[in-house]
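One structure is given below, encoded as structure tokens.
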Amino acid sequence: MDALAALRLQIEWGADEALDETPRARLVARAQVQPVAAEVAPEVQPRSLAPAARPALVQPAPVQPAPVQRAPVQRAQDLAAAARDVDALRAALASFDGCALSATATNLVFADGNPASGLMLIGEGPGAEEDRAGKPFVGPSGQLLARMLASIGLDRSNYLITNLIPWRPPGNRNPTDSEVQLCLPFLLRHIALVRPKRLVLIGALSSRALLGGTAGITKLRGKWASAVIPGLPGPIPALPVLHPAYLLRSPGAKREAWADLLLLRRTLDGK
């Protein structure tokens, strides 16, 4: 291979820049490399016969364990169980930050009515009007419910009314299962503190939360069931009824709702 071909090959390989200012005859045998003089080891000083002082041992600082974060549901159960009266329960619920709904709602919707009446009505969750007022069942569905109960001689002096979810879900959406689990300990404690003689469960969500199972409200309504409440000596009779919001959408179901009201009235009258 001549020099021109070798140069062309290097250019094709990308060698287009010289590394030295002058060319080197790389085919000439390299000169013998001169041996490098060995470094002289420094003179070693004689070791003292006296024992060297040992450095003081530094004790490592104790590691502080990280605080254990309790699950939100467990914290809800602990807060609810610690409440000794309804006022303390309301304060505990207001301070609970484990449910994200409390950050998006305007007000805590706790309860309204007469706690000593012996009758407790439990709905599903507050809507926009309830969120603004801080009271349950004051919007259109609540007004319909008030007229229905008035037809059998009941007003808020005759019952206590509350919700399973005390904060309005954004956009009035249905609460998630996790939100129900977070709020349920406070409702159960509320029932245990009030000790009602009977419950009226308004809608499918509150009915399933307190009675268990997955049956729809149309199958649950029309008959008394038993709700087992922690902290009470025995189950409480509970009557599932159609939610008034459903009746506003389906007026044809008012016949069944009226039958449930008559059943409630007969039970209260001991008939």
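Only the coordinates and a few stated rules stand behind these numbers; no lab work does. Given the structure is predicted, the values throughout are model-derived calculations rather than measurements. Backbone-built Cβ (ideal geometry, glycine too); neighbour counts: all protein chains shown.
Among the candidates LEU261, LEU239, the residue that is crowded, with 16+ Cβ neighbours inside 10 Å and out of contact with any Phe, Trp or Tyr (no Cβ under 9 Å at 6 or more places or on another chain) is uniquely LEU261. The set of residues in the range 85-132 that are assigned to a loop (DSSP other than H, G, I, E, B), of a type in the set (Asp, Glu) and farther than 19 Å from LEU184 by Cβ contains only ASP85. Within the range 101-126, residues that are in contact (Cβ under 8 Å) with a residue 40 or more places away in the chain and polar (S, T, N, Q) have Cβ atoms under 9 Å from residues that are in a strand (DSSP E or B) and buried (at least 22 other Cβ atoms within 10 Å of the Cβ) in these pairs: ASN114/LEU160; SER117/LEU160, counting only partners at least 6 apart in sequence or on another chain. Counting just the residues of the range 133-159 that are part of a helix (DSSP H, G or I) and aliphatic (A, V, I, L, M), which one comes out farthest from ALA204 (Cα to Cα)? Out of the qualifying residues, it is ALA133. Across the range 153-176, not a single residue is classified as under 27 Å from GLN77 (Cβ atoms) and of a type in the set (Asp, Glu). Based on what the data block shows, is GLY113 more than 22 Å from the chain's Cα centre (by Cα) and at positive phi? Against the criterion (more than 22 Å from the chain's Cα centre (by Cα) and at positive phi), GLY113 qualifies. Filtering the range 176-204 to residues that are crowded, with 21+ Cβ neighbours inside 10 Å and not in a helix (DSSP H, G or I) leaves PRO196, LEU199, VAL200, LEU201, ILE202, GLY203.
For (1) touching a strand residue (DSSP E or B) at 6+ places or on another chain (Cβ under 9 Å); (2) more than 18 Å from GLY113 (Cβ to Cβ), each residue gets a yes or a no:
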site: ARG198; (1), (2): yes, no
site: LEU201; (1), (2): yes, no
site: ALA204; (1), (2): yes, yes
site: GLY216; (1), (2): no, yes
site: ARG221; (1), (2): yes, yes
site: PRO230; (1), (2): no, yes
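Go through the residues of the range 123-145 one by one and say whether even a single one is over 18 Å from the mean Cα position of the chain (by Cα), hydrophobic (A, V, I, L, M, F, W, C) and under 13 Å from VAL194 (Cα atoms). Scanning the range 123-145 turns up no residue that is over 18 Å from the mean Cα position of the chain (by Cα), hydrophobic (A, V, I, L, M, F, W, C) and under 13 Å from VAL194 (Cα atoms). Confirm whether ARG266 is charged (D, E, K, R), exposed (fewer than 13 other Cβ atoms within 10 Å of the Cβ) and part of a helix (DSSP H, G or I). It is true that ARG266 is charged (D, E, K, R), exposed (fewer than 13 other Cβ atoms within 10 Å of the Cβ) and part of a helix (DSSP H, G or I). Counting residues in the range 214-237 that are part of a loop (DSSP other than H, G, I, E, B) and of a type in the set (D, E, K, R) gives one or more.
Of all the criteria given as (1) of a type in the set (Val, Ile, Thr); (2) farther than 26 Å from ALA83 by Cβ; (3) in contact with a Pro (Cβ under 9 Å, 6 or more places away or on another chain), the one not satisfied by VAL241 is (3).
Scanning the range 127-139 for residues that are touching a residue at least 24 places away in the same chain (Cβ under 8 Å) and either surrounded by 20 or more Cβ atoms within 10 Å (Cβ to Cβ) or among the charged types (D, E, K, R) (or both) turns up GLY127, GLU130, ASP131, ARG132, LYS135, PRO136, PHE137.
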